[in-house]
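S.K.: Before I ask anything, let me first share the structure, which is written out below as structure tokens.
Taken together, the values in this text are just the output of simple stated rules run on the coordinates, not laboratory data. On a predicted model such as this, the values are computed, not experimentally measured, just so you know. Ideal geometry is used to build each Cβ from the backbone, glycine not excepted, and the neighbour counts take in all protein chains shown.
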Amino acid sequence: MGGGRLPGLVNSTAYRQLISKNGAAMKLGDRVLIWGASGGLGSYATQMAIAGGATPVCVVSSPEKAEICHRMGAEHVIDRSAEGYKFWNEDGTKQNPKEWKRLGSDIRELTRGHDVDIVFEHPGRETFGASVYVTKKGGTIVTCASTSGYMHEYDNRYLWMNLKRIVSSHFANYREAWEANSLIRRRLIHPTLSKTYPMDQVGQAAYDVHKNAHQGKVGVLCLAPEEGLGVTMPERREPHLDAINRFRNI
């Protein structure tokens, strides 16, 4: 699990949203703003952008998460907690366009004056107004999930007068899922698994994901008493054979 979904589901979701012609149809050279870039969905998007010849601009919420993005190969990372963006007023009733502009300025500072071609949007209400604003003229905001709220608000002038488009994306079809999984099989991308929990701590795992206390993805050992029992290479299974046999006899 991680970000509330299984790894294969999140991988396929990110593939359709960013790569597929049914999503943003990212191409070589695109600049892509990725919210939550170290998380389950965002970490896949970051790796796909790099593998596909695009330039990710990663937005995270801590120095530790920024380091995860750097280790994945991302050059441009914005720590929103350090920058202190306030896209909404204190009671959450009105947005602050000056903060959208500040984010846009920070992005252009990283990209040598360029706006992003694509915004990989999944936080939803909290960030959507900023996402529409910072996208380049003719660019794409591709959206799913909306973890901070489904009722999005944005200034339509920045969409309409600049010929931007909003594209919705949900999971994947069979071909997209196969292509996404192929990227993992070929080791072009990998899950950023940061922690595993035993089955009796699944509630804690869900709580940590809900509170954004995790980094990357987390896993739950559903059928194995310890890590490493799912491997198939004989030399790696050997140290676990006793545990495997004990588990089979339960």
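S.K.: Using helices alone, I'd like the mean residue ellipticity at 222 nm for the chain: each DSSP H run of four-plus residues gives -39500 (n - 2.57), total over residue count, nearest 500.
M.R.: -11500 deg cm²/dmol
S.K.: Can you tell me which aspartates and glutamates have their Cα less than 14 Å from the Cα of K195? Leave out same-chain residues fewer than eight positions away.
M.R.: D208, E226, E227
S.K.: Just tell me which lysines come within less than 30 Å, Cα to Cα, of K21; anything on the same chain fewer than 8 places away is out.
M.R.: K65, K101, K136, K137, K164, K217
S.K.: Still on this model: Working out 0.36 nm times the residue gap between S148 and L28, then minus their Cα-Cα distance, what length gain in nm do you get to one decimal?
M.R.: So the chain would gain 40.1 nm between S148 and L28.
S.K.: For the stretch 37-89 and the stretch 180-201, what is the separation of their Cα centres, given in Å?
M.R.: Cα centroid to Cα centroid, the span is 18 Å.
S.K.: When only C-alpha pairs under 8 Å and at least 6 residues apart count, what is the relative contact order of the chain, in percent?
M.R.: In percent, rounded to a whole number, it is 20.
S.K.: To continue, here is another question. Run the quick spin-label model on E109 and E90: label points 7 Å from Cα toward the beta carbon, then report their separation in nm to one decimal.
M.R.: 2.7
S.K.: Please check the chain for the longest run free of trypsin sites (Lys or Arg not before Pro) that are loop-located per DSSP (anything but H, G, I, E, B) and have at most 13 other Cβ atoms within 10 Å.
M.R.: Counting at most 13 other Cβ atoms within 10 Å as exposed, the longest clean stretch of the chain is 113-185.
S.K.: So who's got an amide H within less than 5 Å of the one on L193, skipping anything under 5 residues away but keeping other chains? H placed 1.01 Å off N, in plane.
M.R.: Residues meeting the criterion, in which the H sits 1.01 Å from N, are K217.
S.K.: Could you tell me which residue out of S146, V77, Y133 lies farthest along the dipole of the chain toward its positive end? Charges go on the beta carbon: Lys and Arg +1, Asp and Glu -1, centred on the Cα centre.
M.R.: Y133
S.K.: Still on this structure, I have one more. Do me a favour and compute the ellipsoid semi-axes for the chain from its Cα gyration tensor, root of five times each eigenvalue, largest one first, whole Å.
M.R.: Semi-axes from the Cα gyration tensor: 35, 20, 16 Å.
S.K.: With both bridge residues required to lie in the stretch 7-185, what share of the DSSP beta bridges run antiparallel, to the nearest 5%?
M.R.: If I count the DSSP bridges inside the stretch 7-185, around 5 percent turn out antiparallel.
S.K.: Same structure again: Please give the charge dipole size of the chain, origin at the Cα centre, charges +1 on K and R Cβ atoms and -1 on D and E Cβ atoms. Round to the nearest 20 debye.
M.R.: Value, rounded to 20: 740 debye.
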